[in-house]
Amino acid sequence: MRIALYQPDIPQNTGALLRLGACLGVGVDVIEPCGFIFSTRKMARAGMDYIDHVELRRHASWQAFCASRGEEPRRREGTGRLILLSTRAAVPYTDFEFAPTDTLLLGRESAGVPDAVHDAVDSAILIPMRPGMRSINVAQSCAMVLGEALRQTRSFPAADGARP
């Protein structure tokens with residue numbers, strides 16, 4: 001399981017997601033450009049001292065991220081599915097069947113993802129919300145969905161660091 005951040009805008013959210021990945025043993029991909037200067041020092045401040053404990057991959061662009069997965073994001077053997085968290089999706093995350101090789105893709109805090117990215121993913125899921133509410137914070141959204149994905153796939157790390 002991995003988390004992918006598409007052109008994140010807010011360093012504190014990125015830091016929180018790096019910390020989440022470190023604590024749960026989930027790798028994080030950052031798809032640039034970011035809306036802030038991405039530096040290990042700044043991320044260490046936002047993510048505390050957890051940055052050294054997360055498998056972090058930085059990609060210069062969406063195209064570079066796709067290339068790391070193969071020709072198209074969902075086509076390369078062994079890379080798993082690309083699952084977008086989106087307010088435009090129709091499938092609630094609680095009704096979705098996750099796989100251990102899935103990557104959860106999160107859009108920009110300010111704008112989500114462009115249509116081309118939305119159209120390129122394997123699946124899009126949403127967190128059901130009350131009518132009239134725009135969105136949940138990206139780090140909180142990821143934590144909710146990642147928790148369900150790890151529960152379904154029995155992939156939470158054990159207290160001693162080994163997988164259950």
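In the range 94-120, which residue that is over 13 Å from the mean Cα position of the chain (by Cα) and within 23 Å of Ile10 (Cα to Cα) is surrounded by the most Cβ atoms within 10 Å (Cβ to Cβ)? Across the range 94-120, the extreme among qualifying residues is Val117.
If I go through the range 91-111 residue by residue, how many of them are part of a strand (DSSP E or B) and aliphatic (A, V, I, L, M)? Counting residues in the range 91-111 that are part of a strand (DSSP E or B) and aliphatic (A, V, I, L, M) gives 4. With respect to the stated conditions, Pro8 fails to be modelled with pLDDT of 95 or more, in a loop (DSSP other than H, G, I, E, B) and open to solvent by 50 Å² or more (accessible area, probe 1.4 Å). Taking the range 1-28 as the range and being under 14 Å from Leu150 (Cα atoms), within 11 Å of the chain's Cα centre (by Cα) and aliphatic (A, V, I, L, M) as the test, the residues that pass are Met1, Ile3, Leu20, Val26. Within the range 12-22, can one find any residue that is surrounded by 19 or more Cβ atoms within 10 Å (Cβ to Cβ), at pLDDT 95 or above and either touching a Ser or Thr at 6+ places or on another chain (Cβ under 8 Å) or farther than 22 Å from Ala143 by Cα (or both)? Within the range 12-22, none of the residues are surrounded by 19 or more Cβ atoms within 10 Å (Cβ to Cβ), at pLDDT 95 or above and either touching a Ser or Thr at 6+ places or on another chain (Cβ under 8 Å) or farther than 22 Å from Ala143 by Cα (or both). Is there a residue in the range 57-76 that is part of a loop (DSSP other than H, G, I, E, B), modelled with pLDDT of 95 or more, open to solvent by less than 80 Å² (accessible area, probe 1.4 Å) and in contact with a helix residue (DSSP H, G or I) (Cβ under 7 Å, 6 or more places away or on another chain)? Looking for residues that are part of a loop (DSSP other than H, G, I, E, B), modelled with pLDDT of 95 or more, open to solvent by less than 80 Å² (accessible area, probe 1.4 Å) and in contact with a helix residue (DSSP H, G or I) (Cβ under 7 Å, 6 or more places away or on another chain), one finds none in the range 57-76, hence no. Since Ala139 meets every condition but one in (1) open to solvent by less than 50 Å² (accessible area, probe 1.4 Å); (2) under 24 Å from Phe36 (Cβ atoms); (3) of a type in the set (Gly, Ala, Ser); (4) assigned to a loop (DSSP other than H, G, I, E, B), which condition does it not meet? Just one mismatch for Ala139, condition (4).
The values are calculated or read from the model by the stated rules, or taken from the named source; none is laboratory data. Model, not experiment: these values are computed from the prediction. Every residue, glycine as well, gets a Cβ built from its backbone with ideal geometry; the counts of neighbours run over all protein chains shown. Only protein heavy atoms, including side chains, enter the accessible area calculation; ligands, DNA and RNA are left aside. Shrake-Rupley method; radii C 1.70, N 1.55, O 1.52, S 1.80 Å.
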